[in-house]
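Report on the structure given below.
The values are calculated or read from the model by the stated rules, or taken from the named source; none is laboratory data. For clarity, every value in this text was computed on a predicted model and none was experimentally measured. Methodologically, a virtual Cβ is constructed for each residue, glycine included, from the backbone with ideal geometry; neighbour enumeration extends over all protein chains shown.
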Amino acid sequence: MLKKITAAAGVVLLSVLTACGSGDGGTSSTNGGAKDGLTMGFAQVGAESGWRTANTKSIQDEAKAAGIDLKFSDGQQKQENQIKAIRSFIQQKVDVIAFSPVVETGWDAVLEEAKAANIPVILTDRAIDSDDDSLYKTFLGSDFVEEGRKAGKWLVENAGGPVDVVELQGTTGSAPANDRKKGFAETIASKPEIKVVASQTGDFTRSGGKQVMEAFLKSVPKIDVVYAHNDDMGLGAIEAIKAAGKVPGKDIKIITVDAVKDGMTALAGGEINYIVECSPLLGKQLMELAKKVKAGQDVPKRVVTEETTFTQEQAKAALPTRQY
Ligand code: AHR
């Protein structure tokens, strides 16, 4: 059971974009030659979500605006494709390699190759799990544990009795899935009547969220809340809830992370109850960091993205000017 929804707030963000990419570790060059001579190889995770599409657009647009020659690769959610792309960037002797690691572990060998070739690496969006932090210059992205805490905090503040939660996890082994789960679990631990009764991966996709939610609706006797690690899985869950004859946002409350346009539209329309923002607009900061790294200037080891949260009322107000 949930009490009446109250507000929470903060500040918001910056600019927007266009897209493209190649699959399977192959790369495509977008700017056809850098004006200032900086070439960046970027190994993207894939195109699994609305967030990812906006992130790719941000990187491509801002590379163009900064005069950086961007060699872009779409890893199609596979670590081996990203490793292949990074190796190809090393062979091409790019100035800087940037990438968003699909999973946290298993990067040391290829990053040691980049280090041996004297090519600086920037992590963006997702972190790696490595004992050797000399393998990358900086990590630009969100605090995913904090995002999980914000989701849990809203539930703690709005839960008025026993609450059975089902969790739709992101890609297994990825930083956002690990961290959003952790932050949420540690926060709801303060209220023992809130229980996560089932938790499974939907791989950050809409179809994955729908499929897992359909299974939960059949197997879990009581579901009060869905906690989805991104909007796309939450939107898939909405389809499954409706098909089961229940009303999303009322019979089953929904909390998600991202705040992309489709998620915000569902929030403003009452089908999602709360969204924790995760900004995909990392392109501008990434290009600035790349220029500094190439010039041999010091950069902070960690750059955390500024983010907020949205209630239904706040989503209605934010939607007309939402950039992604
Ligand atoms: O790493 C960021 C996450 O990846 C986003 O929350 C999700 O939508 C995406 O697929």
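Under the condition of being over 13 Å from the mean Cα position of the chain (by Cα), within 22 Å of A177 (Cα to Cα) and not in a loop (DSSP other than H, G, I, E, B), the residues counted in the range 120-143 number 5. Picking from residues in the range 20-30 that are modelled with pLDDT of 55 or more and not β-branched (V, I, T), the one that is nearest to the ligand (Cβ to nearest atom) is S28. Scanning the range 131-149 for residues that are out of contact with any Gly (no Cβ under 8 Å at 6 or more places or on another chain) and buried (at least 16 other Cβ atoms within 10 Å of the Cβ) returns L135, Y136, K137, T138, F139, L140, G141, S142, D143. Just give me the residues in the range 146-159 being away from the ligand (no atom under 16 Å from the Cβ), of a type in the set (A, V, I, L, M) and within 11 Å of V225 (Cβ to Cβ), in sequence order. Of everything in the range 146-159, those that are away from the ligand (no atom under 16 Å from the Cβ), of a type in the set (A, V, I, L, M) and within 11 Å of V225 (Cβ to Cβ) turn out to be L155, A159.
Looking only at residues that are surrounded by fewer than 24 Cβ atoms within 10 Å (Cβ to Cβ) and within 16 Å of the ligand (Cβ to nearest atom) in the range 280-301, which one is nearest to Y324 (Cα to Cα)? It comes out as L281.
Among the residues in the range 146-168, are any within 23 Å of G283 (Cα to Cα) and hydrophobic (A, V, I, L, M, F, W, C)? Let's see the steps before the verdict.
Initially, the range 146-168 is screened for residues within 23 Å of G283 (Cα to Cα), giving 146-147.
Remaining after also requiring hydrophobic (A, V, I, L, M, F, W, C): none.
No - not one qualifying residue is present in the range 146-168.
Has the range 39-57 got at least one residue that is away from the ligand (no atom under 16 Å from the Cβ) and either surrounded by fewer than 19 Cβ atoms within 10 Å (Cβ to Cβ) or without any contact (Cβ under 8 Å) to a residue 24 or more places away in the chain (or both)?
no
Just one of the listed residues (G67, G75) is surrounded by fewer than 17 Cβ atoms within 10 Å (Cβ to Cβ) and touching a residue at least 12 places away in the same chain (Cβ under 8 Å), and it is G67.
Residue count for the range 230-245 under the criterion of being over 9 Å from G209 (Cβ atoms) and either buried (at least 22 other Cβ atoms within 10 Å of the Cβ) or in contact (Cβ under 8 Å) with a residue 24 or more places away in the chain (or both): the result is 4.
Inside the range 150-177, residues that are of a type in the set (D, E) and crowded, with 16+ Cβ neighbours inside 10 Å make up a count of 2. One residue is enough: does the range 72-80 have a residue meeting the conditions assigned to a strand (DSSP E or B), among the hydrophobic types (A, V, I, L, M, F, W, C), away from the ligand (no atom under 15 Å from the Cβ) and more than 24 Å from P300 (Cβ to Cβ)? Yes, the range 72-80 contains at least one residue that is assigned to a strand (DSSP E or B), among the hydrophobic types (A, V, I, L, M, F, W, C), away from the ligand (no atom under 15 Å from the Cβ) and more than 24 Å from P300 (Cβ to Cβ).
Condition check for I272 on (1) assigned by TED's automatic domain parsing to the domain that holds G41; (2) not in a helix (DSSP H, G or I): one failure, at (1).
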